[in-house]
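In what follows, a single structure is set out as structure tokens and then discussed.
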Amino acid sequence: WVECADKLDYHGMNGCRRLRICVFPTSSHEFKLRSELFPDHVIVPGGNVIQNFYDGDCNVIAGESTFLANAEATLKQETNYTGDFLLGENKFSKEPLALVTRQDDALWSGFVNHVLQALMAAERENITQHSAESFYKTSLFGDEYERMFINAIKAVGNFAELYERNLGSVLDRDGLNLLNTNGDTGLIYSFPYGDMSVEGTTTNGGTLEKILARGYLICGITKRPGFAEFDNNTQTWSGLDVDFCRALAAGIFAASETTLVFTELESAPDRFIPLAEEEVDVLAGEPQTLSADLFEPTTKKGFTFTKPYFYQTGLQQSSETKNITNITYGGDELNATSFSMITREDDPQWSNFAYWLVSSEGRRFNSTSFSMVTREDDPQWSDFVYWIISSTFYAEEHGIGQAEYIHMPLKVSL
């Protein structure tokens, strides 16, 4: 039966017609199986899939890898089942697990997110539960929380220690759960959409409503090679940031030729001022930092970043050295001194926004990842932008190009 499920075969002449799958009801697994993999008649939802399986309601169980890894032991413990048990080889869905907070407290959400990031950063720096005191402090949440990262690592260890302690005995750490330490593995990740039938409404007085009433999106961009370039002959913009702005406008109006206005901004912290004052709806191509997320210095406000859509690598070292009080490390703002600024020697324009940081101890960090940025006061608009960016990742993963756009999942309403 597992072989039938692995091959997505439910109508073959070898008995696969009698395939029945137990899955947790109302779960993302049930939605995936019903909508994409198998017709309804091969799904047998139940409150207790182990008991359903034992009772003969189904001959296959579908679920998370961690659950299935323990299913055999649970089956023998909770029932009198003594037969064979086979774990399938293929994975049919991605089920990323995360910490979740409410949308009404951006500071708390930032606190939770950056504690998680600190556990991963500690693994990358080989800082363990026993050496947690060597991790970095931050005052962005107030002096009383300056040891927040240190205390978190002292409590549970770095991410590798946490994983090994809780999952190491039942689920090997591989694939997507490995840490990107050298910048040589992919970081662009397509999150699953889940149930697309859920309906919502546009927030009254929100950014989306204002954009619709205005008739066009205002996207803030900074001129730089490959990302935002202006052609004086055609009077048009092109580049990666520009195209993401076009995708966003098309997501709102179903077209982007007359529904998008670009506002050119200088490559400086002042870029956040037009966004804070609602002169632009979104910034494109902004490097992520902890301070900009929580308390951007020029506006004294926090902002919401999408998942990065570009990671800068391949830079050359220069001889310039500066003392810096606020730097970024893996997207997090840190305090440090005597860091070497490294820029691309063949392209001076990069020096304003893309660099490596090398500490006095000789450690090198890649600090540049580019995202779209919105204000924190409108979570619905921030989510809209986030999922438009993610949709391009989803399309690539599923082989959906510009010509096949009709195959993208449909969302009836907000």
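Descriptive notes on the structure:
- Using a probe of 1.4 Å on the protein chains alone, the accessible area found for Thr138 is around 10 Å².
- Sorted peptide list for 185-194, 243-252, criterion being average Cβ within 10 angstrom, highest first: 243-252, 185-194
- Portion, in percent, of the accessible area of the stretch 158-214 that falls on carbon or sulfur, probe 1.4 Å: 51 percent
- Ranking of His407, His114 by solvent-accessible surface, largest first: His407, His114 (1.4 Å probe, protein heavy atoms only, all chains present).
- Taking a straight Cα-Cα cut-off under 18 Å and skipping sequence neighbours fewer than 8 places away in the same chain, no lysines fall within cross-link reach of Lys210.
- For Thr263, the residues 5 or more places off, or on other chains, whose built amide H falls under 5 Å of its own are Cys219, Gly220, Ile221.
- Segments 85-91, 154-160 sorted - mean Cβ within 10 Å per residue, highest first: 154-160, 85-91
- DSSP bridge orientation in the stretch 201-291 - percent antiparallel, rounded to nearest 5: 35 percent
- In terms of distances greater than 31 angstrom between alpha carbons, the cross-link table entries Lys223/Lys307; Lys94/Lys301; Lys76/Lys154; Lys137/Lys307 yield Lys94/Lys301; Lys76/Lys154.
- Cross-link partners for Lys91 among the lysines, with Cα-Cα distance under 22 Å and sequence neighbours closer than 8 places in the same chain left out: Lys7, Lys32.
- If you wrap the stretch 195-256 in the convex hull of its Cα atoms and look at it from every side, the mean projected area works out to 5.9 nm².
- Sites Tyr189 and Leu212, calculated FRET efficiency, Cβ-Cβ separation with R0 35 Å, nearest 0.05: 0.70
- Computed on the stretch 182-304, with alpha-carbon pairs under 8 angstrom and 6+ residues apart, the relative contact order is 24 percent.
- The alpha-carbon positions of the stretch 159-308 define a convex hull whose volume is 188 Å³ per residue.
- Size of charge dipole - the stretch 153-206 - debye, nearest 20, with Cβ of Lys, Arg +1 and Asp, Glu -1, no other charges: 220 debye
- 1.4 Å probe accessible area per residue over the stretch 36-142, in Å²: 60 Å²
- Accessible area in square angstrom per residue, the stretch 175-272, 1.4 angstrom probe: 56 Å²
The values are calculated or read from the model by the stated rules, or taken from the named source; none is laboratory data. Given the structure is predicted, the values throughout are model-derived calculations rather than measurements. For neighbour counting, all protein chains shown are included, and Cβ atoms are generated from backbone atoms with ideal geometry for every residue, glycine included. Side chains included, ligands, DNA and RNA excluded: accessible areas come from the protein's heavy atoms. Shrake-Rupley method; radii C 1.70, N 1.55, O 1.52, S 1.80 Å.
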